[in-house]
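A short reminder: the numbers here are calculations on the coordinates, not readings from a lab. Please read these numbers as outputs of a predicted model, since none were measured by experiment. All Cβ positions, glycine included, derive from the backbone under ideal geometry; neighbour counts span all protein chains shown.
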Amino acid sequence: EEETPTKDEL
Amino acid sequence: MNIFRLAGDMTHLASVLVLLLKIHTIKSCAGVSLRTQELYAIVFATRYLDIFTSFVSVYNTFMKLVFLGSSFSIVWYMRYHKAVHRTYDREQDTFRHWFLVLPCLVLALLIHEKFTFLEVLWTFSLYLEAVAILPQLVLLQRTRNIDNLTGQYIFLLGGYRGLYILNWIYRYFTEPHFVHWITWIAGLVQTLLYADFFYYYFLRFIGGRGVE
């Protein structure tokens, strides 16, 4: 399962 | 990180600092909606649940702590600090903001990117933030004239998400697969809600009067 990009925005 | 997002975060930081300045130094929250502040505290509490599980950068963690700390301390000041609470306009700040929470939660349960506890709450925080300013804008209509600090606060708060929209456009064109419709639509709705305020705010700058 593709790794969801970590939430890098506030 | 791009210049639009940095400008957005700094604008957002400036908005909470202006509000803290107003409340802490002149011990007044006249014209400020406690209900909007409560909604924002919920927004940050549900958006930054991953603060201890996923580390992005020192900057990211630091800003999350600042926004969490400032939003909860502003609510505390307005509710429990005697001098500040006295200046709170309870009769006028009557927008049924709890009626905003449930629909946002239901919408987050229906429309999200992934059906996990953190993701649904994170999506909920996006929807809630989009409408969190409503009690403040209604209070603004009722109190007619507001002081400059409150006007600046609302202007900066509205501007930060507008800068984030520029950030999303920039990232869409520079990063492959950077598509987040939910975030984009929520951010657009949030910014559009300020359109009316921005109009009067700029009139004030042109006319040099207080915000009518």
Exercise. Within the set of other residues whose C-beta is less than 14 Å from the C-beta of B:Met78, count the net charge using Lys and Arg as +1 and Asp and Glu as -1.
Key: +4
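Work out which helices of chain B, taken as complete DSSP H runs, extend at least 30 Å along their axis over the Cα atoms and score a mean Kyte-Doolittle of -1.0 or more, then list them.
Details: long enough: B:3-25 (31 Å, 1.20); B:58-80 (32 Å, 0.73); B:148-174 (38 Å, 0.30).
Those that clear 30 Å and a mean of -1.0 are B:3-25, B:58-80, B:148-174.
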Quiz item: Just how far, in whole angstrom, is the stretch B:1-45 from the stretch B:48-78 if you go by their alpha carbon centroids?
Solution: 12
Quiz item: How high is the relative contact order of chain B, given as a whole-number percent (alpha carbon pairs under 8 Å, six or more residues apart)?
Solution: 32
Exercise. Could you tell me which GluC sites (Glu not before Pro) in the stretch B:88-124 are loop residues by DSSP with no more than 11 other beta carbons within 10 angstrom of their beta carbon?
Key: B:Glu91
Practice problem: Grab the DSSP H runs of chain B that are 4 residues or longer, score each as -39,500 (n - 2.57), total them, divide by all residues and round the 222 nm result to the nearest 500 deg cm²/dmol. | Solution: -24000 deg cm²/dmol
Exercise. Work the Kirkwood hydrodynamic radius out for the protein assembly as shown: mean of 1/r over every pair of different alpha-carbon atoms, inverted, in Å.
Key: 18.1
Self-check item: Full-stretch length increase - B:Arg144, B:Trp98 - with 0.36 nm per residue and alpha-carbon distance subtracted
Solution: 14.1 nm
Quiz item: Given H placed 1.01 Å from N in the peptide plane, which residues other than close sequence neighbours of B:Val32 have an amide H under 5 Å from its amide H?
Solution: B:Asp89
Quiz item: Regarding the stretch B:1-142, what whole-number volume in Å³ per residue does the convex hull of its Cα atoms give?
Solution: 124
Practice problem: Name the residues whose placed amide hydrogens come within less than 5 Å of the amide hydrogen of B:Ile146, ignoring near sequence neighbours (fewer than 5 apart) on the same chain. | Solution: B:Val211
Quiz item: If you place +1 on the Cβ of every Lys and Arg, -1 on the Cβ of every Asp and Glu, and leave all else neutral, what size is the dipole of chain B about its Cα centre, to the nearest 20 Debye?
Solution: 520
Quiz item: Dipole size in debye (nearest 20) for the protein assembly as shown around its Cα centre, Lys and Arg Cβ +1, Asp and Glu Cβ -1?
Solution: 1020
Quiz item: Taking 0.36 nm per intervening residue step and subtracting the Cα-Cα distance, what contour gain separates B:Ile169 from B:Thr61 on full extension?
Solution: 36.5 nm
Quiz item: Across the protein assembly as shown, how many lysine pairs, 8 or more apart or on two chains, come within less than 19 Å at their alpha-carbon atoms?
Solution: 4
Quiz item: Once the piece of chain linking B:Arg86 and B:Phe198 is laid out straight, how much longer is it, given 0.36 nm per residue of separation minus the C-alpha distance between them?
Solution: 37.4 nm
